[in-house]
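Heads up: the structure comes next, in structure tokens.
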Amino acid sequence: LGNGGSTLHALRCLEEQYGDQWTSFTVLLIHSGGYSQRLPNASALGKVFTALPLGHPVYQMLELKLAMYIDFPRHMKPGVLVTCSDDIELYSAAVTEAITFDKPGFTALAHPSDVAVGTAHGVFVLDPSSFSGKGGLEYGSCYRFLHKPDVETMQQSGAVCVRGAHPQLSSPGSRGDSECVYTDSVFYMDHGTAGRLLRFYKQMGTLHCEVDAYGDFLQALGPGATPDYTKNTSNVSKEDAGLVAVRQQLYSLLQGTALNVIVLSNSQFYHIGTTQEYLFHFTAESKLRFELDLQPVAFSIFPDMAKSSDQLSIIQSILEPGCVVGPGSVIEYSRMGPGVSVGKGCIVSGSCINFSVDIPSDCFLSSVSVRITDQVKYVTMVFGVGDDLKKSVKLLSDIHSLQFYGASLPECLDLWSVEASDQLFSSEDTRLGLWTARIFPVCSTLSESVRMSLNMLNSVHHKSAFKLSGFQLLSVEEMLIYKDVEDMLKFRKQIYDEICQQRQKEKSDY
């Protein structure tokens, strides 16, 4: 469906449940996070439930979103506010200034960002006549919306402005660090617009392609919109038949609809949807870490705290004395014994490690409970934090271009005694990649699944053989099909209860 298709589907569910009554609602619609291929520890439960190193018990992205938008409904006409679950918007405005969503059409928040940031986000081409460039919060209109544009397109479209000034075209000789573009985050649509989209969805019957709420809705808006983007599929993760036709229909439907923009000059947009961003914002001296007061140890039992570096993030986990965690690493919802040593820049999620092991640096490790033939089993995915899980090839002869922890996939398969064949991949179409490779052993206990996956990683790390024959093997794609969310939450609850008991005990001892 994509986040656009799921937005339309959610509107339909609201109408089915509430009838005409829903047109009087103010709705907050948070996309829960899709496959989350760039941050796979959030794949099974959804990015909106990503834990933050903050609060007792810890906050998830959902709570942070509710806190950030707490003032919005008071200044909002009935309509739908759409947001992603892996971004954080922090802004400051005068006490008398409130963000108001009351205009027909679409209204979007805009944040000043470096030009390079614009290439991975939506960018507004502002109408300079509608801005004064003064104050922390200003209402204006958008001439055109660009989705993940290259630098040249931004410059030619007039999207590049001089920072801190009246939004104006930047001249070719101006200093680069004074330049900025205004990027997107949250957008609102009034009920008239939401109703038009819903009628379109009902007429379509079934969507057979992935629709993007940002690229496919917003690019149709504003007086400068042209239908050229409907044929550009370079930013699409999976190009389906019929996408261009659906885009053209959406363009016709939305053409001429206003795109109002609320420019927040004193604001910051943070994205934590990739392993690199997640590690940076949670463990480095990031501005976000300072602004939200993110903690190195949040709601955890971590006895060696005095010796620990400030550059880590332990979230709702139990680490026994003697366990060592390297700087720049994040441990969440995990239990670790005394003989565990974690290298630098690792992510460990939902795991139980009750045996002595050295986890190498830059390792990504995340355990998933699965239900197969009505039995709960465990699988642990393991990668390098920089591995590209979105990359895929069409031919078996091209899988040498897929990299697993610094080695080519065929090299790894040789070490594991696994044959490279079409059966190795779970995908129904010809998308052969790390996401669809059946390489992870199914085990009967959580700790055993971690042990096996770490053995795989170590065999690649040390170029030594480790046979995977005899195991049922799953791909990450299949783990999500068979996932047992209830069992994963049960494990988290056990850790939670144990931390609460320990804290109670410490209080009574004190």
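Given the conditions (1) open to solvent by 10 Å² or more (accessible area, probe 1.4 Å); (2) in contact (Cβ under 8 Å) with a residue 60 or more places away in the chain; (3) of a type outside the set (Gly, Ala, Ser), report the number of the one that Phe364 does not fulfil.
(1)
Say whether the condition of being closer than 20 Å to Gln37 by Cα, at pLDDT 95 or above and either assigned to a loop (DSSP other than H, G, I, E, B) or assigned by the TED database to the domain that holds Ile353 (or both) is met by at least one residue in the stretch 458-472.
Checked the stretch 458-472: no residue is closer than 20 Å to Gln37 by Cα, at pLDDT 95 or above and either assigned to a loop (DSSP other than H, G, I, E, B) or assigned by the TED database to the domain that holds Ile353 (or both).
Between Ser401, Ser397, which is surrounded by fewer than 19 Cβ atoms within 10 Å (Cβ to Cβ), farther than 25 Å from Ile359 by Cα and touching a strand residue (DSSP E or B) at 6+ places or on another chain (Cβ under 9 Å)?
Ser401
Which numbered condition in (1) within 26 Å of the chain's Cα centre (by Cα); (2) not assigned by the TED database to the domain that holds Val370 is the only one that Glu506 fails?
(1)
State the number of residues belonging to the stretch 428-451 that are open to solvent by less than 50 Å² (accessible area, probe 1.4 Å) and part of a loop (DSSP other than H, G, I, E, B).
Total satisfying the criteria: 5.
Could you say whether any residue in the stretch 129-142 is under 22 Å from Leu254 (Cα atoms), surrounded by fewer than 16 Cβ atoms within 10 Å (Cβ to Cβ), assigned by the TED database to the domain that holds Gly192 and in contact (Cβ under 8 Å) with a residue 24 or more places away in the chain?
Yes, the stretch 129-142 has at least one match.
Do you know which residues across the stretch 379-396 are in contact with a Leu (Cβ under 8 Å, 6 or more places away or on another chain), touching a residue at least 40 places away in the same chain (Cβ under 8 Å) and of a type outside the set (D, E, K, R)?
Selection gives Val379, Thr380, Met381, Val382, Phe383, Val385, Leu389, Ser392, Val393.
Do we have any residue at all in the stretch 331-344 that's of a type in the set (S, T, N, Q), within 24 Å of Leu489 (Cα to Cα), open to solvent by 10 Å² or more (accessible area, probe 1.4 Å) and not assigned by the TED database to the domain that holds Met61?
No, there is no match, as no residue in the stretch 331-344 is of a type in the set (S, T, N, Q), within 24 Å of Leu489 (Cα to Cα), open to solvent by 10 Å² or more (accessible area, probe 1.4 Å) and not assigned by the TED database to the domain that holds Met61.
Identify the residue in the stretch 452-472 that is closer than 24 Å to Tyr333 by Cα and in contact (Cβ under 8 Å) with a residue 24 or more places away in the chain and, among all such residues, is surrounded by the most Cβ atoms within 10 Å (Cβ to Cβ).
Ser453
Could you give me the residue pairs with C-beta distances under 9 Å whose first residue belongs to the stretch 268-293 and is in contact (Cβ under 8 Å) with a residue 40 or more places away in the chain, whose second residue is assigned to a helix (DSSP H, G or I) and among the hydroxyl-bearing types (Ser, Thr, Tyr) wherever it lies, and which are 6+ apart or on separate chains?
Going by the 9 Å Cβ cut-off, the qualifying pairs are Ile272/Tyr278.
Can you list residue pairs whose Cβ atoms sit under 6 Å apart, with the first residue in the stretch 1-23 being at positive phi and the second being outside any helix (DSSP H, G or I)? Count only pairs 6 or more apart in sequence or on different chains.
Close Cβ pairs (under 6 Å, with a partner that is outside any helix (DSSP H, G or I)) amount to Gly2/Glu210; Gly2/Val211; Gly2/Asp212.
Filter the stretch 373-419 down to the residues that are assigned to a loop (DSSP other than H, G, I, E, B), touching an Asp or Glu at 6+ places or on another chain (Cβ under 9 Å) and among the aliphatic types (A, V, I, L, M) and list them by number.
The answer is Val385, Leu402.
Only residues in the stretch 187-212 that are more than 23 Å from Phe124 (Cα to Cα) count as the first member; pair them with residues that are among the aromatic types (Phe, Trp, Tyr), Cβ under 8 angstrom, at least 6 apart or cross-chain, and list the lot.
Going by the 8 Å Cβ cut-off, the qualifying pairs are Leu207/Tyr201.
The values are calculated or read from the model by the stated rules, or taken from the named source; none is laboratory data. Since this is a predicted model, take the numbers as computed values, not measurements. No Cβ is skipped: glycine too gets one built from the backbone with ideal geometry, and neighbour counts run over all protein chains shown. Side chains included, ligands, DNA and RNA excluded: accessible areas come from the protein's heavy atoms. Shrake-Rupley method; radii C 1.70, N 1.55, O 1.52, S 1.80 Å.
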